[in-house]
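What follows is one structure encoded as structure tokens, with my remarks underneath.
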Amino acid sequence: MTTLYGINNCDTIKKTRALLQASGIEYHFHDYKKLGCDEALIQNFLHHFDYESLVNTRGTTWRKLPDSVKKSLNQASAIKLMCENSSLIKRPIIESGGSWLLGFDKEKIQELVQG
């Protein structure tokens, strides 16, 4: 089973969901806003990606953070920030058959979910 992690109203998630549906891929959607994103889930992500890659530095939430927080970012502070505000997690994160993908790349998503 494929699992897509993200936020329902995110444009990149909408684009990813449309791609999966158009490809006929069944998937479970883990919406951070409804199902949460606790430290255990973030630790699971960190087994596959480094914290620098996981933090969404392109979004409004990141830009609103004080410069002191941005400059002093380390793994522990990144985990805390992502737990407090799941909008800081780069999207999408996709797990399929034990393989993981971070970010939208149409070809890589299709390769991942089609085995």
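Coordinate-derived values only; no laboratory data. In this text the structure is predicted, and so the values were computed from the model without any measurement. With ideal geometry, Cβ positions are generated from the backbone for all residues, glycine too; neighbour counts draw on all protein chains shown.
Residue by residue, the stretch 98-115 carries 3J(HN,Hα) couplings of x, 9, 10, 9, 10, x, 8, 8, 3, 5, 5, 5, 5, 4, 4, 7, 9, x Hz when phi is fed to the Karplus relation 6.51 cos²θ - 1.76 cosθ + 1.60 (θ = phi - 60°); x denotes Gly or Pro. Distances between placed amide hydrogens fall under 5 Å for residue 30 paired with 4, 5, 6, all partners being 5 or more residues away or on another chain. So if R0 is 35 Å, what FRET efficiency would residue 22 and residue 58 give, r being the distance between their Cβ atoms, rounded to the nearest 0.05? So, using R0 = 35 Å, E works out to roughly 0.90. With θ taken as phi - 60° and the Karplus curve 6.51 cos²θ - 1.76 cosθ + 1.60 applied, the whole-hertz 3J(HN,Hα) list for the stretch 89-94 is 8, 4, 10, x, 10, 10 Hz, x standing for glycine and proline. Ranked from largest, the principal axis spans of the Cα set of the chain equal 45, 26, 25 Å.
Across the stretch 24-29, coupling constants 3J(HN,Hα) worked out from phi with the 6.51/-1.76/1.60 Karplus curve, θ = phi - 60°, read x, 8, 7, 8, 9, 9 Hz, and Gly and Pro carry x. Remark: relative contact order (the chain) = 34 percent; criterion is Cα-Cα distance under 8 angstrom and separation of 6 or more residues.
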